[in-house]
Ligand SMILES: [Zn+2]
């Protein structure tokens, strides 16, 4: 190969700052994502609500989908993209909004019983950074907010719990991929979500991520809560048409990390599960060595994952609504 050809190849793979040539449809640029949220909300006769502002000044948007009928109802919550690079999770959240506009037994049953809140992008600055860099960069850069904080390590630990020095449990070192920030809820994004949850008292929540193909419930130690999460995870998986995700948890080994699901369960009395879309095997099948970090976390064709995980979410919410709150179990 001549030097000239080699230069051409380099040029073809170079990502210019400000351009984003490597991420395209069906993934959505930040502005396209916001337009899609607005359009889906309009179709559901729901208004997008601004629940806060990111470090860089982007709105944090929630869509409140009203319940049907006049009877008493609970509220449930779905959040996504707390990690900037995990774009498929945002598409699953948008898929849920789309699905809630359809009329079938599962949607009717859920909307008769609950108002559904969806926050499709909890980390718009990390999302935009991922876009601007064409999906390539260090994990810490693409995952964190604009203070370099891993937002899913920035929630308070339950009273008396402490963070163990385990991989992934959250780091006190700025620049690390799981840097937990100077104090719990010190970041505007986590503070906004906490305030929303405190005000709305959600009965159940799902936080969407990628990749792994697992369900990670809040860490619980009582037998009843452990069993309840077993039921909830099985309900989710049973509704998935192709690849059923399994619960990833241990009653004894799991560590406190400052993750959202633990805070929602122990701090806000809400059933809470983290959903990791896109299994490890599927991403390895897609690329043994991904061309950019983006394609490790996100499927080239997200449609089948969106479809089956949205069904899982509907089933999970319905199963959680059949339970009393965690404190009443
Ligand atoms: Zn994540």
**Fill in**
Connecting every pair of Cα atoms under 10 Å apart in the chain and solving the GNM, the largest mean-square fluctuation among 176, 70, 56 falls on 70
**Prompt:** If the viscosity is 0.692 mPa s and the temperature 37 °C, what translational diffusion coefficient in µm²/s does Stokes-Einstein give for the chain when Rh comes from Kirkwood over Cα pairs?
**Reply:** 164 µm²/s
**Item:** Taking 92, 55, 275, 280 and counting other C-beta atoms within 10 Å, the order from fewest to most
**Value:** 280, 55, 275, 92
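Plugging the Kirkwood radius over Cα pairs into Stokes-Einstein for the stretch 175-245, at a temperature of 25 °C and a viscosity of 0.890 mPa s, what D comes out in µm²/s?
So the translational diffusion coefficient is about 163 µm²/s.
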**Asked** When the Kirkwood radius is taken over all Cα pairs of the stretch 47-202, what Stokes-Einstein diffusion coefficient follows at 37 °C and 0.692 mPa s, in µm²/s?
**Response** 197 µm²/s
**Tilt relative to the chain, helix 223-238 - C-alpha long axis, 0 to 90 degrees, to 10** = 60 degrees
**Prompt:** When the convex hull of the Cα atoms of the stretch 163-321 is projected onto a plane and the area is averaged over all directions, what value comes out in nm²?
**Reply:** 10.2 nm²
**Fill in**
residue 102 and residue 32 label points (each 7 Å along its Cα→Cβ direction) are spaced in nm at 2.2 nm
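Just so you know, all these numbers are worked out from the coordinates, no wet-lab data involved. Everything quoted here is computed from the prediction, not taken from an experiment. Positions of Cβ are backbone-derived with ideal geometry, glycine not excepted, and every protein chain shown enters the neighbour counts.
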